[in-house]
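Below: the structure, in structure tokens.
Derivation of every value follows stated rules applied to the coordinates shown; laboratory data play no part. Since the model is a prediction, treat every value here as computed from it, not as a measurement. Glycine also receives a Cβ, built like all others from the backbone with ideal geometry; neighbour counts cover every protein chain displayed.
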Amino acid sequence: MSKTQDYIDQHIDRFLTELFELLRIPSVSTDSDKKGEVEKAAHFLINQLEDLELDTVKKFETPGNPIVYAEYCPHDDKPTVLIYGHYDVQPSDPDELWNTPPFEPTVREGNIYARGSSDDKGQSYTHIKAVESFRKTGTELPVNVKFILEGEEEIGSPNLIPFIEEHKDMLACDMVLISDTAMFAEDQPSITYGLRGLAYMEVEVVGPNRDLHSGVYGGAVENPVNVLCEMIAKLKDEDGVIQIPKFYDKVKSLTKADRDAYKQLPFDEKAYKESLDIDAVHGEKGYSTLERASARPTLDVNGIWGGYTKEGAKTVLPSKANAKISMRLVPDQDPKEIAQLFTEYFQSLAPDTVKVKVSEHHGGHPSVTDLDFYGLKAGAQAFEDIYHEEVLFSREGGSIPIVSDFKRVLGVESILMGFGLTSDAIHSPNEKFALKDFHRGIKTSARFLEILPEFADK
Ligand code: BES
Ligand code: MN
Ligand code: MN
């Protein structure tokens, strides 16, 4: 075994202790009260990177959270890998559903439990330790590396997008390496070659100027909660087809080859249903579960509120109703265009008894990686060398908005080398990351950096 791989095995306990320190910082980017904590997480990473004696380690301030940047580029004739990750996390609530507190990392049954353990502190940290395994063993890094770590991924990367446009030269690279997705299944490594985009809307339906007695006014005055439900019901038909005019115009349909590739994946629908305690799956007619969850666009209500929801019964006709509605997008849908189409259609559904307001939250573009790219082949080989399993290529339904910008601005492909599992409960209570995948993730990353030049020369 190489010196770097040995080093990783010998130091894995310390790596875990260090990761715990990062996991203890509640760097929740959606919560403005936590700005100081987000800042702390950035500093932790800066200290970590500084310890590696790279050429540059720098913190860039933005109008929001800092961007941590580092580079070590000793070669003129070797590929440059830009490693991306995010150190912000989702809120931990509902906290009472956690078996151990979200920001007190704990190991149980081979898993690290903490908010951010999988998404994305634990996963992105693997690359810092992989680079450490070269720097601390006096092994020459066979490629150039750059790190870009952001604190705003969970809020749509509002400052990173302009940042990469402004710092194109500094960020010049041959590929981006990202661990912020999931493997196909436990012990079944996979490279994700497609991500969905996102358009996220909020709607408000307003009826009378105040809440009314539902006996005195009910039947004669429109109820905005009823109206909102009817409007939402018109967004899809019984076959799960989204009814917004022109919504599907830019959707690239799946080719026969795409659909055959999906059929080859060892997906266990029974286990999928069991893991969710559901009796049946659901979705757009004519598509499989995997296709529905990664290659087809969706529309979902994320939250809905209005009227009386506390204890007991209050007879009230509410004055307002609200909902948050998001759409996952696939190539070549454009989030701004879809937001516009949604707004027009939703407004058109409103009866003249109510007023409707529609606003837009952050979104993101979908992306697909070129399967012929040599970086993907190197990634697959690195996975196989460490996991001793053949690597699958699959698309996933989640979104990492910056991936499409890396392609658009820097002209490079991203290698989505996820070490997490779909069952990691990211964004949910009891988020976890398997210890063995933290360990194998570091080894796979180091192996990737080691073998990449051979693939570049082919
Ligand atoms: N790491 C996830 C994205 C992800 C998860 C991709 C699982 C593939 C599989 C990322 O941190 C995330 O949560 N993204 C958000 C989008 C963002 C605009 C808030 C998402 O997908 O909801
Ligand atoms: Mn993530
Ligand atoms: Mn996330």
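Hey, which lysines would be in cross-link range of Lys357, C-alpha to C-alpha under 18 Å, not counting anything within fewer than 8 residues on its own chain?
Those lysines meeting the cut-off are Lys234, Lys320, Lys324, Lys336.
Charges at C-beta only: +1 for Lys and Arg, -1 for Asp and Glu. How large is the resulting dipole of region 34-73 about its Cα centre, in Debye rounded to 20?
Its charge dipole is roughly 300 debye.
May I ask what percent, to the nearest 5, of DSSP beta bridges between residues of the chain are antiparallel?
That works out to approximately 70 percent antiparallel.
If only Cα atoms are counted, what is the Rg of region 340-435, and what is its Dmax, in Å?
In Å, with Rg to one decimal and Dmax whole: 19.9, 65.
Tell me, what is a quarter of the convex hull surface for the C-alpha atoms of region 184-295, in nm² with one decimal?
Its Cα hull, projected and averaged over all orientations, spans 11.3 nm².
Given +1 on the Cβ of Lys and Arg, -1 on the Cβ of Asp and Glu, and no further charges, what dipole in debye does region 1-98 carry about its Cα centre, rounded to the nearest 20?
140 debye
Quickly rank 323-330, 128-135 as a protection proxy: mean count of other C-beta atoms within 10 Å, highest first.
The packing order, highest mean first, is 128-135, 323-330.
7 Å from Cα along Cα→Cβ at both Glu50 and Lys324: what's the point-to-point distance in nm?
Placing both labels 7 Å beyond Cα along the Cβ direction yields 3.7 nm.
Could you pull the Rg and Dmax for the chain, using just the Cα atoms, both in Å?
23.6, 81
HN-Hα J couplings of region 373-383 from phi, Karplus 6.51/-1.76/1.60, θ = phi - 60°, integer Hz, Gly and Pro as x?
Computed from phi, the couplings for region 373-383 are 4, 4, x, 5, 5, 5, x, 5, 5, 4, 4 Hz.
Label Glu454 and Ala220 with points 7 Å out from Cα along Cα→Cβ: what is the distance between them in nm?
8.3 nm
Within straight cross-link reach of Lys270, meaning Cα distance under 15 Å, which aspartates and glutamates are found once same-chain residues fewer than 8 apart are removed?
Straight-line reach from Lys270, under 15 Å: Asp279.
Taking the Cα centre of region 284-380 as origin and charging only Cβ (+1 Lys, Arg; -1 Asp, Glu), how large is the dipole, in debye to the nearest 20?
Rounded to the nearest 20 debye, it is 540 debye.
Between region 286-331 and region 210-253, what is the separation of their alpha carbon centroids in Å?
Cα centres, region 286-331 to region 210-253: 11 Å.
Please work out the Cα center distance from region 1-74 to region 138-168, rounded to the nearest Å.
12 Å
For region 392-458, what class follows from the C-alpha gyration tensor (a ≥ b ≥ c being the square roots of its eigenvalues): rounded when a/c is under 1.5, otherwise prolate if a/b is larger than b/c, else oblate?
It comes out oblate by the Cα gyration axes.
Would you please put 137-145, 232-240 in order of how densely packed they are, using the mean number of other Cβ atoms within 10 angstrom per residue and starting with the highest?
137-145, 232-240
So if I restrict to the alpha-carbon atoms in region 139-218, what is the Rg, and what is Dmax, the biggest pairwise distance, in Å?
In Å, with Rg to one decimal and Dmax whole: 23.6, 81.
For region 9-102, take every pair of Cα atoms, bin their distances at 5 Å starting from 0, and report each bin as a whole percent.
So the P(r) values, bin by bin, are 2, 11, 18, 20, 18, 14, 9, 5, 2, 1, 0.
Between region 402-458 and region 266-282, how many Å separate their Cα centres?
26 Å
What Kirkwood hydrodynamic radius do you get for region 93-232 when you take the inverse of the mean 1/r over all pairs of distinct Cα atoms, in Å?
Averaging 1/r across every pair of different Cα atoms and inverting gives 20.9 Å.
With viscosity set to 0.692 mPa s at 37 °C, what whole-number translational diffusion coefficient in µm²/s follows for region 303-377 from Stokes-Einstein and a Kirkwood radius over Cα pairs?
The estimated diffusion coefficient comes to 203 µm²/s.
Determine one quarter of the surface area of the Cα convex hull of region 58-103, which equals its mean projected area, and express it in nm² to one decimal.
Taking the Cα atoms of region 58-103, their convex hull projects to 5.8 nm² on average.
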